[in-house]
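S.K.: Here you go, one structure.
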Amino acid sequence: MKIFIGLFFAGLLMSVTGFAQDDYLDMKFGIGVPVGKFSDNGLETNGYAGSGFMMSFEGTYFLGRIGFTGGLTYGMNFLDDVTLQDDITAHLKELFPDVEISPDALVQFVTTPWSNVNALVGPVLSLPVSVIYLEMRAMGGMSFVMPPTWKMDIESGENKLHSMSSGQSVKLAYLVGAGIAYNSSGNYGLRLGVDYVGTKTSFGVNYVYEEGITEKPYQEKSVEIPVNMFQTTLGITYTF
């Protein structure tokens with residue numbers, strides 16, 4: 001019986017590893033298209049994010065047609081800073097309706113784009129179709145999200161209005177996606193992928209009214225925004 005069980009598992013292992021896809025490393029570049037509240041406009045609930053670029057380095061190890069993949073991803077999304085500036089200005093005027101702001105008031109506004117770094121791992125399923133492999137994967141891990149930091153100053157005589165944001169966060173993240181991998185006769189190949197990535201972030205926002213040299217903080221709050229996007233990538237693979 002022990003011999004039979006041993007032969008059974010040995011045969012099972014040979015059947016799995018005999019049809020294994022080659023392990024590979026890949027470097028990918030692509031675009032990230034925000035969806036949902038991440039791309040919508042609206043203070044304190046939405047992200048004002050536009051399309052951006054991303055790059056990643058991953059490694060995939062197979063046991064038969066099922067394997068495990070993991071890697072690091074960096075992404076940056078542009079910001080609709082014109083609309084954001086208009087909305088912050090309007091919100092400041094709503095918060096301080098008694099403050100007189102002249103049409104020629106001095107306005108200064110600086111901000112940064114969205115950026116994030118993801119560390120994700122998870123299973124991958126590979127199916128051969130002619131000379132290509134169809135892959136499906138699901139990954140989870142951590143995302144270090146750096147929201148846009150802005151600083152707005154509106155100066156009208158001795159009246160000054162300010163708005164500032166700051167902070168970053170580390171949150172759980174997930175990814176589900178599919179890809180097509182092509183391996184040439186050598187060690188190098190190509191992989192085209194489409195993934196959906198989801199996480200969230202939180203940061204602080206402050207609105208201040210200043211009269212002369214007297215600063216009067218009005219509102220300081222923490223804002224939480226979902227960070228969801230589709231990523232389309234093209235990468236170079238190296239099998240080993």
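Taken together, the values in this text are just the output of simple stated rules run on the coordinates, not laboratory data. What you see is a predicted model; the values in this text were computed from it and never measured. Cβ placement follows ideal geometry from the backbone for every residue including glycine, while neighbour counts extend to all protein chains displayed.
S.K.: Using the Karplus curve 6.51 cos²θ - 1.76 cosθ + 1.60 with θ = phi - 60°, work out ³J(HN,Hα) for each residue of the range 103-110 in order, rounded to whole Hz, and write x for Gly and Pro.
M.R.: x, 9, 4, 7, 10, 10, 9, 10
S.K.: For the chain, set up a Gaussian network in which alpha carbons nearer than 10 Å are linked by springs, and say which option among ASP195, ASP23, ASP104 fluctuates the most.
M.R.: Among ASP195, ASP23, ASP104, the largest mean-square fluctuation in the Gaussian network model of the chain belongs to ASP104.
S.K.: Rounded to the nearest 20 Debye, what is the dipole magnitude of the range 42-171 about its Cα centre when Lys and Arg each give +1 and Asp and Glu each give -1 at the C-beta?
M.R.: With only Lys, Arg, Asp and Glu charged at Cβ, the dipole is about 1060 debye.
S.K.: Express in whole angstrom the spacing between the alpha-carbon centres of the range 83-104 and the range 120-175.
M.R.: Taking the Cα centre of the range 120-175 as reference, the centre of the range 83-104 is 29 Å away.
S.K.: Next question. How large is the charge dipole for the chain, taken about the Cα centre, if only the Cβ atoms of Lys, Arg (+1) and Asp, Glu (-1) carry charge, to the nearest 20 debye?
M.R.: Value, rounded to 20: 1700 debye.
S.K.: In percent, how large is the relative contact order of the range 76-165, given Cα pairs closer than 8 Å and 6 or more residues apart?
M.R.: 33
S.K.: Also: Among GLY36, GLY186, GLY204, determine the one that fluctuates most according to a GNM of the chain built with springs between C-alpha atoms less than 10 Å apart.
M.R.: The residue with the greatest mean-square fluctuation here is GLY186.
S.K.: Just subtract the alpha-carbon distance of ILE66 and SER202 from 0.36 nm times their residue separation and send over the number in nm, one decimal.
M.R.: Length gained, ILE66 through SER202: 45.4 nm.
S.K.: Please identify, among THR149, THR73, THR83, the residue showing maximal mean-square fluctuation in a Gaussian network model of the chain using a 10 angstrom Cα cutoff.
M.R.: The residue that fluctuates most here is THR83.
S.K.: Here's another thing I want to ask about it. Based only on Cα atoms, what mean projected area does the convex hull of the range 94-240 have, in nm²?
M.R.: Convex hull of Cα atoms, orientation-averaged projection: 12.4 nm².
S.K.: Compute the acute angle (0 to 90°) between the alpha-carbon long axis of helix 2-17 and the principal axis of greatest extent of the alpha-carbon atoms of the chain; round to the nearest 10°.
M.R.: 60
S.K.: Here is a follow-up. Where does the charge balance sit around PHE240 when Lys and Arg score +1, Asp and Glu -1, over other residues with C-beta under 12 Å from its C-beta?
M.R.: -3
S.K.: Still on this structure, please answer the following. Tell me which residues come under 5 Å, amide H to amide H, from GLY47 once H is placed; ignore anything under 5 positions away on its chain.
M.R.: Excluding prolines and chain starts, which carry no amide H, the hits are PHE38, SER39, ASP40.
S.K.: Using the Karplus equation 6.51 cos²θ - 1.76 cosθ + 1.60 (θ = phi - 60°), what ³J(HN,Hα) coupling, rounded to whole Hz, does each residue of the range 224-240 give in order, writing x for Gly and Pro?
M.R.: 10, 10, x, 10, 10, 7, 9, 10, 10, 10, 10, x, 9, 10, 10, 8, 8
S.K.: Calculate one ³J(HN,Hα) per residue across the range 170-182 by plugging θ = phi - 60° into the Karplus curve 6.51 cos²θ - 1.76 cosθ + 1.60, and present them in order as whole Hz with x for glycine and proline.
M.R.: 10, 10, 5, 9, 9, 8, 10, x, 9, x, 10, 10, 10
S.K.: Shifting gears a bit: Could you sort out which of LYS93/LYS221; LYS93/LYS151; LYS171/LYS221; LYS93/LYS200; LYS160/LYS221; LYS151/LYS221 sit more than 22 Å apart by Cα distance in this structure?
M.R.: Pairs exceeding 22 Å: LYS93/LYS200.
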